[in-house]
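Read the figures in this text as sums done on the coordinates, not as results from a lab. Because the structure is a prediction, the values reported are computed rather than measured. All Cβ positions, glycine included, derive from the backbone under ideal geometry; neighbour counts span all protein chains shown.
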Amino acid sequence: MRIVFATDLSDANEAAIRSRTCLDCLDNIGVTEVHLVTVVPDNVTSGLPGMGAASDARQALQAQRDVFESAGFDVETHVARGTPYRRINGFAERLNADMVVIGSRGESPLENRLVGSTTRNVARTSVRPLLVERIAPPESDKAVVKEHLFEHVLFTTDFSENARKAFGYLPHLTGATQEVDLLHVQHGDTEISDAQEKLDELAAEVEREMGIEAGTNIRNGDPVQEILAEEERVGATTTLLGTRGQSRLRRLLLGSVSEAVVARGNNNVLLVPPAASQRR
């Protein structure tokens with residue numbers, strides 16, 4: 001399994017990489033090849049006399065490369081100039097990556113903040129599965145907000161084809177996942193009469209494919225608020241969501257629910273885009 005690991009070379013990002021739980025979880029789902037990618041925006045110049053920003057970045061990447069290599073991963077490093085989200089997604093497509101991983105600090109919705117613009121734009125335009133890993137705030141004694149990335153997965157579904165695509169990604173996490181909860185949120189006039197039956201069928205599939213039982217729940221209300229509440233209730237470490245089909249020409253936004261969960265939550269989020277045939 002090959003991943004693109006996007007890094008901004010910050011101390012916080014390096015601390016997250018050094019987290020043993022992060023490395024173990026990646027290993028447990030079969031990751032063997034890591035492409036460390038950092039992008040120097042066009043308007044950034046080096047603060048070191050006689051050195052360019054790209055040279056500084058290559059030097060800074062070495063420490064993070066050493067961490068992955070010491071854990072047994074095959075690692076390549078890439079430094080590029082340009083718009084970060086475009087270059088990150090470009091590397092993912094060119095390298096045929098199975099997943100993109102990007103770190104993001106959890107933001108308090110009380111402060112009305114959004115997730116960093118690079119993470120938000122990568123999420124909006126990625127055509128590869130994207131893991132947004134929550135990096136702990138500076139005052140925390142932990143490197144990441146939720147350890148053991150895939151230990152407890154909350155899968156939320158509206159029973160659409162896009163949600164089914166995301167559900168199909170669950171077996172890839174078998175080596176690291178010990179608990180799965182399935183959630184459907186009823187809201188407005190979108191009530192589905194056989195929602196519990198559909199959830200039970202998915203739960204049975206989880207047991208067949210992954211060998212673990214899955215909990216189910218139906219909540220009523222605003223989808224984003226209910227998803228965030230369910231994350232806390234069950235103690236999930238990662239929330240798995242499908243995203244809307246997007247035109248490759250227009251690169252429109254994610255579905256509003258997916259984007260809001262990324263922006264407002266403090267959980268790790270795994271976004272799975274629709275199949276290639278749906279993206280064209």
Using θ = phi - 60° and the Karplus relation 6.51 cos²θ - 1.76 cosθ + 1.60, list the HN-Hα couplings for the stretch 205-217 in order, rounded to whole Hz, with x at every Gly or Pro. 5, 4, 5, 5, 7, 10, x, 10, 7, 10, x, 10, 7
By how many nm would the segment from Ser256 to Glu69 lengthen if fully extended, with 0.36 nm per residue of separation less the alpha-carbon distance? 63.5 nm
Per-residue ³J(HN,Hα) for the stretch 23-32, Karplus 6.51 cos²θ - 1.76 cosθ + 1.60, θ = phi - 60°, Hz, x for Gly and Pro: 5, 5, 5, 5, 5, 5, 9, x, 6, 10
Tell me which residues come under 5 Å, amide H to amide H, from Ile135 once H is placed; ignore anything under 5 positions away on its chain. Ser104, Arg105, Gly106, Val145
Along the stretch 137-147, Karplus-curve 3J(HN,Hα) (6.51, -1.76, 1.60; θ = phi - 60°) to the nearest Hz, with x for Gly and Pro, reads x, x, 7, 6, 8, 10, 7, 10, 5, 10, 7
Non-local residues with an amide H under 5 Å from the amide H of Gln186, with H modelled 1.01 Å from N and Pro and chain starts lacking one, are Arg219, Asn220, Gly221
Give me the number: length gained by fully extending Arg208 to Lys142, i.e. 0.36 nm times residue separation minus the C-alpha to C-alpha distance, one decimal in nm. 20.2 nm
Using mean Cβ contacts within 10 Å as the protection proxy, how do 210-217, 174-181 order, highest first? 174-181, 210-217
In nm, to one decimal, how far is the Asp189 label point from the Arg233 one, both placed 7 Å along Cα→Cβ? 2.7 nm
Amide H partners (placed H, <5 Å) of Val40, local residues excluded: Ala80, Arg81, Gly82
Taking r as the C-beta separation of Glu161 and Glu33 and R0 as 41 Å, the FRET efficiency to the nearest 0.05 is 0.85
Express in nm, to one decimal, how much length is gained between Arg94 and Asp11 on full extension, taking 0.36 nm for each residue of separation and deducting their alpha carbon distance. 27.1 nm
